[in-house]
1. If I filter the range 248-292 down to residues being of a type in the set (Asp, Glu) and either within 17 Å of Pro310 (Cβ to Cβ) or not in a strand (DSSP E or B) (or both), which single residue comes out as least open to solvent (accessible area, probe 1.4 Å)?
2. Criterion first (touching a residue at least 40 places away in the same chain (Cβ under 8 Å) and buried (at least 19 other Cβ atoms within 10 Å of the Cβ)) does Tyr341 satisfy it?
3. Taking Phe373 as the residue in question, decide whether it is open to solvent by less than 60 Å² (accessible area, probe 1.4 Å), at pLDDT 85 or above, touching a strand residue (DSSP E or B) at 6+ places or on another chain (Cβ under 9 Å) and in a strand (DSSP E or B).
4. For the range 191-240, how many residues are assigned to a loop (DSSP other than H, G, I, E, B), open to solvent by 10 Å² or more (accessible area, probe 1.4 Å) and farther than 14 Å from Ala147 by Cα?
5. Looking at the range 153-173, which of its residues are open to solvent by less than 20 Å² (accessible area, probe 1.4 Å) and not in a loop (DSSP other than H, G, I, E, B)?
6. Looking at this structure, is Ser355 assigned to a helix (DSSP H, G or I) and either among the acidic types (Asp, Glu) or at pLDDT 70 or above (or both)?
7. Test of understanding: among Ser296, Ser320, which residue is hydroxyl-bearing (Ser, Thr, Tyr) and either in a helix (DSSP H, G or I) or in contact (Cβ under 8 Å) with a residue 60 or more places away in the chain (or both)?
Amino acid sequence: MFEHEFDIALLFSAHVKGELDALGQKQLDAWLNASQGNRELFDSLMHQEELKKKLISFNEGDSEIIWDKTLQGLVTLKVQEDYQDNRNVFAAKNQAVKLWKRISIAVSIIIALSAGGYFFINDLNYFGSDQQILLTINDNAPGRNKATLTLANGKAITLSDTKTGLVVGATDLTYNDGSYIDVKEENQLLTASTPRGGTYQITLSDGTRVWLNADSKLIFPSKFNTSERKVQLIGEAYFEVAKVMIKDSRMPFIVVTDQQEISVLGTHFNLNSYKDEGVVKTTLLEGSVKVSLLSSSGKAREMGSVTLRPGQEAILNKNSELKITEADVEQATAWKNGLFYFKDADLKTILRTFSRWYNIDVVYTGSLSDQKFSGKLYRNVNAYQALEVLKLLGLEFVLEKKNQQTPQKIIIKP
């Protein structure tokens, strides 16, 4: 748990400053004696050069630049101490406190890394001075397997949160462990939807596997016809498309969003079509896909369509322009692998992502800077823990505890 790791980091800091009391020493000793690895980590982190090496090892790029951004850029110190008559003594003491506070915060980051994440920022200006963000927490636990299956007659079935996937078989619907879902099988249009804070895997009747991200919807037939395989996506999903032959040729698999159509044969790709992201991204990992804009009648337009090769990404912007770029495949598929992965993302983008995963309502008061962040973090931490990582970057927030009838609120302030 992140809170525990940060508490250990505070014990590290108190130890090196000679401020560790008897209880703190007992807690630190218990942690050190828990494993040889803990003691080795503690010993190595007591040396700034070792700390620097460890931070660099978790970041890729120019080591000196990363060090400046991670250690110095992350820490803006406003050390308040009693003024002493001897200004030289005061200056020396102040510098020592700054040094150890920097190391303490860096240690916090290192230990956070051990629990699954790191972040760094791109310059020294953190947030707008009049920034305030209000987050209303309905469920601050991380997302989990949670989805609803809606039948053609409107009946909604809550899928089991103890299972990880739905399998559409030839004659029945089952979970991926083989247990049956009590639904009369017939040829009909089905809708699998995940709420904010939910994810689920769907295996379609042709064997295609689809991973739905939070706040997403997949509309598909219980059985594909003999001429095409077509589904509709709202939100984000990762597809592993099965290869199906018709005579001597492969049957295309088509994914339709509100603005475009993607035609594939047998391939792996990620499609992010969240409306609030402003762009639609199709990232190809394997095989080949053709991305086409839709006409006003809903038909794919040949003019302006693009074909991707593995490692490429098609981006549809708000001006309905399709562009091909080289993709960061790891970043595009990080959510499927249990990670948040941000690259030069502003605070709104990060909080928007957290909002979907943690079912958080975000209300902004004041302005936000254009500060950019990069980093990775496991998605299995809760909302408070994720925000705690941002706190290491200078983002300040307090948690207001209300009664059971009032939603919990997190206020983030400059």
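The values are calculated or read from the model by the stated rules, or taken from the named source; none is laboratory data. From a predicted model like this one, the values you see are computed outputs, not experimental measurements. Using ideal geometry, Cβ is built from the backbone for each residue, glycine included, and neighbour counts are taken over all protein chains shown. Heavy atoms of the whole protein, side chains included, go into the accessibility calculation; ligands, DNA and RNA do not. Shrake-Rupley method; radii C 1.70, N 1.55, O 1.52, S 1.80 Å.
1. Step one: filter the range 248-292 for residues of a type in the set (Asp, Glu), giving 248, 258, 261, 276-277, 286.
This time we only want the ones that are either within 17 Å of Pro310 (Cβ to Cβ) or not in a strand (DSSP E or B) (or both), so: 248, 258, 276-277, 286.
Numbers: Asp248: 148, Asp258: 98, Asp276: 85, Glu277: 48, Glu286: 94 Å².
Per the criteria, the residue is Glu277.
2. Working: touching a residue at least 40 places away in the same chain (Cβ under 8 Å): no; buried (at least 19 other Cβ atoms within 10 Å of the Cβ): yes.
No.
3. Values: open to solvent by less than 60 Å² (accessible area, probe 1.4 Å): yes; at pLDDT 85 or above: no; touching a strand residue (DSSP E or B) at 6+ places or on another chain (Cβ under 9 Å): yes; in a strand (DSSP E or B): yes.
For Phe373, the condition - open to solvent by less than 60 Å² (accessible area, probe 1.4 Å), at pLDDT 85 or above, touching a strand residue (DSSP E or B) at 6+ places or on another chain (Cβ under 9 Å) and in a strand (DSSP E or B) - is not met.
4. Number satisfying all stated conditions: 9.
5. Across the range 153-173, the qualifying residues are Gly165, Leu166, Val168, Leu173.
6. Values: assigned to a helix (DSSP H, G or I): yes; either among the acidic types (Asp, Glu) or at pLDDT 70 or above (or both): yes.
When the stated conditions are applied, Ser355 passes them.
7. Result: Ser320 is the single residue among Ser296, Ser320 that is hydroxyl-bearing (Ser, Thr, Tyr) and either in a helix (DSSP H, G or I) or in contact (Cβ under 8 Å) with a residue 60 or more places away in the chain (or both).
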